[in-house]
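The values are calculated or read from the model by the stated rules, or taken from the named source; none is laboratory data. It should be emphasised that the depicted structure is a prediction, and the values quoted were computed from it without experimental measurement. Glycine gets a Cβ as well: all are built from the backbone with ideal geometry, and neighbour counts include every protein chain shown.
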Amino acid sequence: MLAVLLLARGLRPDPRGMGTHEQLGLPPCTFLTIVGIRCPACGMTTAWANVTRGRLVDAVRTHATGTVLAVLALVVSIGALTMAVRGQRLAWQPGETVLAGLALAMTGLILCEWTIRLWAH
């Protein structure tokens, strides 16, 4: 996760609020190209690039759930580095049920955010 955050830091946030991933050599969003509306993930890379620059307001405007994921990745990375330096586990480790619940919650947030975008479109 830390590597992905460092990669995001190396990207320049696209002023359109999406398309930052194209700097990695990836094509424009296929969903947007074919359907004409942003996909649920459009803007997520831009949000991560903004988070790594401390521009949280811009990140939330671009993709709120992507911002939450980037901050969560930062927290988990710090925890992992702490464990590596100490050579021991943290006092509390999330179980499979917690992780599955978190994954479902994040998926739900992404879909809710996308639904709101569709209504605004």
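Values computed for the structure shown
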read-out: Options Leu69, Leu74; residue that is surrounded by 10 or more Cβ atoms within 10 Å (Cβ to Cβ), closer than 18 Å to Ala47 by Cβ and either among the polar types (S, T, N, Q) or in contact with a Phe, Trp or Tyr (Cβ under 9 Å, 6 or more places away or on another chain) (or both); value: Leu69
read-out: Test: residue in the stretch 12-25 that is basic (Lys, Arg) and not in a loop (DSSP other than H, G, I, E, B); value: no
read-out: Matching entry among Leu102, Leu81 (being closer than 20 Å to Val4 by Cα and without any contact (Cβ under 8 Å) to a residue 40 or more places away in the chain); value: Leu102
read-out: Condition check for Ala47: modelled with pLDDT of 95 or more, buried (at least 17 other Cβ atoms within 10 Å of the Cβ) and either of a type in the set (Ser, Thr, Tyr) or touching a Leu at 6+ places or on another chain (Cβ under 9 Å) (or both); value: yes
read-out: Scan of the stretch 26-44 for residues that are outside any helix (DSSP H, G or I), of a type in the set (A, V, I, L, M) and either loosely packed, with under 11 Cβ neighbours inside 10 Å or under 16 Å from the mean Cα position of the chain (by Cα) (or both), ordered by number; value: Ala41
read-out: Count of the stretch 54-78 residues which are part of a loop (DSSP other than H, G, I, E, B) and farther than 16 Å from Met18 by Cα; value: 1
read-out: Selection count where residues are loosely packed, with under 12 Cβ neighbours inside 10 Å and assigned to a helix (DSSP H, G or I), scope the stretch 79-104; value: 11
read-out: Conditions (1) assigned to a helix (DSSP H, G or I); (2) under 18 Å from Val4 (Cβ atoms); (3) touching a residue at least 12 places away in the same chain (Cβ under 8 Å); (4) not polar (S, T, N, Q); number of the one not met by Glu113; value: (2)
read-out: Single condition Leu2 does not satisfy, out of (1) surrounded by 14 or more Cβ atoms within 10 Å (Cβ to Cβ); (2) within 13 Å of the chain's Cα centre (by Cα); value: (1)
read-out: Options Thr65, Thr82, Thr46, Thr97: the member that is in contact with a Pro (Cβ under 6 Å, 6 or more places away or on another chain) and not hydrophobic (A, V, I, L, M, F, W, C); value: Thr46
read-out: In the stretch 50-65, residue farthest from Leu5 (Cα to Cα) [restricted to those that are buried (at least 24 other Cβ atoms within 10 Å of the Cβ) and out of contact with any Asp or Glu (no Cβ under 8 Å at 6 or more places or on another chain)]; value: Thr62
